[in-house]
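None of the figures in this text is laboratory data; all of them are computed from the coordinates on show. The shown structure was predicted, so the numbers you read here are calculated from the model rather than taken from an experiment. So basically every Cβ, Gly included, is an ideal-geometry build from the backbone, and we count neighbours across all protein chains shown.
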Amino acid sequence: MADAAGELAKLSQFYYGIMYVATVPSGADAFAISTDTRNWLATHKFPLGFVLTLPPGEDALGAKIDELHEAGWKSVKTGIGRSKVFVETFLRRRLEAVMVPEPSKGDAPRKAKVAKDWKDIRKKL
């Protein structure tokens, strides 16, 4: 999406840590997916951040968030994503979630913040 790299760079300058989530298909090499993701992010000038690879499935992200919180990563508080499942995973844990781009009417979870585009993200945080 246009402006995503620039807006994430601005967020990273204001004390936000960036974590990218990549799904690893069954049987695929997680290390290769992580490397490909890092290369893609660098090519498209995204800011540095932690690349988190997860197995497919709706529960993988939620389990990882719970694991990170149990390990002391209390700063994982907000998620920015485009899918309803991603946003709902954060909301179920009483964390903030921003959905971008704005979905069609009625498709956003009730407590999710919605940004029409990446330029609108910082206003929602």
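Worth pointing out:
- Gaussian network model of the chain, springs between alpha carbon atoms under 10 Å - residue of R92, R82, R38 with greatest fluctuation: R92
- Listed residue pairs exceeding 19 Å between alpha carbons, taken from K74/K116; K84/K124; K74/K123; K77/K124; K84/K111; K10/K123: K74/K116; K74/K123
- Approximate spin-label separation A4-R110, in nm, with each point projected 7 Å along Cα-to-Cβ: 3.0
- Net charge of Cβ neighbours under 13 Å - reference I65; Lys, Arg +1; Asp, Glu -1: -1
- Helix-only arithmetic for the chain: the sum of -39500 (n - 2.57) across DSSP H runs with n ≥ 4, divided by the residue total, places the mean residue ellipticity at 222 nm at -11500 deg cm²/dmol.
- Simple spin-label estimate for K124 and D66 in nanometres, 7 Å along Cα-Cβ: 2.6
- With the simple model of a label 7 Å out from the Cα in the direction of the Cβ, F14 to A28 spans 3.3 nm.
- Stokes-Einstein translational diffusion, segment 1-118 - Kirkwood Rh over all Cα pairs, 0.890 mPa s, 25 °C, in µm²/s: 162
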